[in-house]
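K.L.:
Shown below is the structure under consideration.
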Number of protein chains: 2
Amino acid sequence: MTTGTRPLRADAARNRDRLLAAAGEVFAERGLDAPLEEIARRAGVSIGTLYNHFPARDDLFDAIFPPRMAVLDAAAQEALADPDPWSGFAAFTEALFALHAEDRGLNDALAQRVPLSPEVVEACHRCFAYIERLVARAKESGQLRADFEAADYAALIWSMSQVIRETAGVAPQVWRRCLGFFLDGLRAGAAHPVGVPGLTPEQLARIMAAPPA
Amino acid sequence: MTTGTRPLRADAARNRDRLLAAAGEVFAERGLDAPLEEIARRAGVSIGTLYNHFPARDDLFDAIFPPRMAVLDAAAQEALADPDPWSGFAAFTEALFALHAEDRGLNDALAQRVPLSPEVVEACHRCFAYIERLVARAKESGQLRADFEAADYAALIWSMSQVIRETAGVAPQVWRRCLGFFLDGLRAGAAHPVGVPGLTPEQLARIMAAPPA
DNA sequence: CATGAACCTGAGGGAGCCCTCAACTTTGTA
DNA sequence: TACAAAGTTGAGGGCTCCCTCAGGTTCATG
């Protein structure tokens, strides 16, 4: 759109870029609840300037995450193109968590550990739509267990998020092992009845809307 | 031991009991990082009195958790007595997470989301020793996949902790579904090679010792 | 250049939580 | 009952992070 808002002054544009770069780093390292002062400091800018450009923390998220989430879209496209539905499903899942593992902020965002603005939520929904297709395809092929639902993918994300956070500093590859176990449980051949219904869309929405404790 | 420390004065003993009861409630509801002022308030006692009895947050943990963890010991005993090693393993695991689900503080403690005092850590170790036996037994019987290691149980705990935390308010049984999927991946028949080594004891120790980000 | 608009700055007030300590109150004992 | 020891109180100082805004600085334009 680029509405009639006149272009930023040169110094302002420079500061904005620095702030975004710093925010990207800081959020990736320390999570989405990192102090904004740290971001301003790393950008070489005062806290007031940060608030000039991004009046709310969310505004930083808005500027940072949509492009990063686009990577996920690409991974999903590729996964859907895989002739083998299971291996597409598994590959996307691995790609997703590989991103989590290198970006703690993305981890926080997708695990919904922080209230997010509509634009990031929308990007999550787009991503979720891909997941639904990947799940449906893998179920139709008979490779993914029939009682797995797309909403169960949320639980997978919560699970792996925590594993990744705990192990990131010490054994940054161990999450792959854990994911391997988990995926083995999702194969059709492994299925034993679970006996508990999955999250309804309403329940999932309520969890997503809830403040992070 | 009950060393020569003389008994508490009546009012002091009463306050101590109230504080422990309040702490039990508050930690169970809000997690181990709940404000101590809330505990004092709920106990009907001033914050100074809380600090008199429990100079550090850890001292509250010490008084609260060992008895609660004893429940785990009992569950483990029972699981070891199960003639079917797999069903013992699975039953213990379910019992463990059922406790997590009703006590957020225990969840935090076992998921190591908070630095813990030696006594609680020791109780965790005792629990972990049981887990090792349950794992070994289930592997020997050929029901638990051979490449599962006791250290992998930590990842299971991290996983489920997060799922339980996220869903507790909205769908308090859904964790069972997720656990079902996970357990299906741990059955010997489901195993596909994972290709990543498990956590070494040293790595696990470092994670446990690390401050919670 | 000069000038006004755009932008930046950082001290400072607010909020939540931590923990301490001097003054006060209660208890148990003689 | 009287008194010392034990226990309680809550205001207050410290910390970290939030966010604002009056005053100073820099840029773009004529």
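K.L.:
Report every pair of residues separated by at least 6 positions or lying on different chains whose Cβ atoms are under 6 Å apart, first residue within region B:31-43 and in contact (Cβ under 8 Å) with a residue 60 or more places away in the chain, second part of a loop (DSSP other than H, G, I, E, B).
P.N.:
B:LEU32/B:VAL114
K.L.:
For residues in region A:51-63 being within 8 Å of DNA strand D (Cβ to nearest atom) and surrounded by 13 or more Cβ atoms within 10 Å (Cβ to Cβ), which is farthest from A:ARG18 (Cα to Cα)?
P.N.:
Step by step, filter region A:51-63, then rank; the result is A:ARG57.
K.L.:
Run A:GLN173 past the list (1) more than 22 Å from B:GLY31 (Cα to Cα); (2) at pLDDT below 95; (3) within 7 Å of chain B (Cβ to nearest Cβ) and report the number of the one that doesn't hold.
P.N.:
Just one mismatch for A:GLN173, condition (2).
K.L.:
Here is a follow-up. I'm told A:PRO67 meets every condition in (1) free of Cβ contacts under 8 Å to residues at least 40 places away in the same chain; (2) crowded, with 18+ Cβ neighbours inside 10 Å; (3) assigned by TED's automatic domain parsing to the domain that holds A:GLU122; (4) more than 30 Å from A:GLU140 (Cβ to Cβ) except one. Can you identify the failing condition by its number?
P.N.:
The single condition A:PRO67 does not satisfy is (2).
K.L.:
Out of everything in region A:190-213 that is assigned to a helix (DSSP H, G or I) and facing chain B (nearest Cβ under 7 Å), what residue ends up being surrounded by the fewest Cβ atoms within 10 Å (Cβ to Cβ)?
P.N.:
Checking each candidate, the answer is A:ARG206.
Residue by residue, here is whether (1) of a type in the set (D, E, K, R); (2) within 16 Å of DNA strand C (Cβ to nearest atom); (3) within 14 Å of chain A (Cβ to nearest Cβ); (4) in contact with a strand residue (DSSP E or B) (Cβ under 8 Å, 6 or more places away or on another chain) holds:
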{"site": "B:ALA12", "(1), (2), (3), (4)": "no, yes, no, no"}
{"site": "B:LEU19", "(1), (2), (3), (4)": "no, yes, no, no"}
{"site": "B:GLN77", "(1), (2), (3), (4)": "no, no, no, no"}
{"site": "B:ALA81", "(1), (2), (3), (4)": "no, no, no, no"}
{"site": "B:ALA98", "(1), (2), (3), (4)": "no, no, yes, no"}
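K.L.:
Would you pick out the residues in region A:54-68 that are away from DNA strand C (no atom under 16 Å from the Cβ) and out of contact with any helix residue (DSSP H, G or I) (no Cβ under 9 Å at 6 or more places or on another chain)?
P.N.:
A:PRO67
K.L.:
Find the helices (runs of 4 or more DSSP H) located wholly in region A:71-178 whose residues include 1 or more that are among the β-branched types (Val, Ile, Thr), and list them.
P.N.:
A:85-102, A:118-140, A:152-167
K.L.:
A further question on this structure: Could you tell me which of the residues B:LEU8, B:LEU36 is touching a Lys or Arg at 6+ places or on another chain (Cβ under 7 Å) and farther than 22 Å from B:LEU106 by Cβ?
P.N.:
B:LEU8
K.L.:
All but one of (1) closer than 20 Å to A:ALA101 by Cα; (2) more than 7 Å from chain B (Cβ to nearest Cβ) hold for A:THR167, so report the exception by its number.
P.N.:
All conditions pass for A:THR167, except number (2).
The values are calculated or read from the model by the stated rules, or taken from the named source; none is laboratory data. What you are looking at is a predicted structure, and each value in this text was computed from that prediction instead of being measured. Note that each Cβ is placed from the backbone with ideal geometry, even for glycine, and that neighbours are counted across all protein chains shown.
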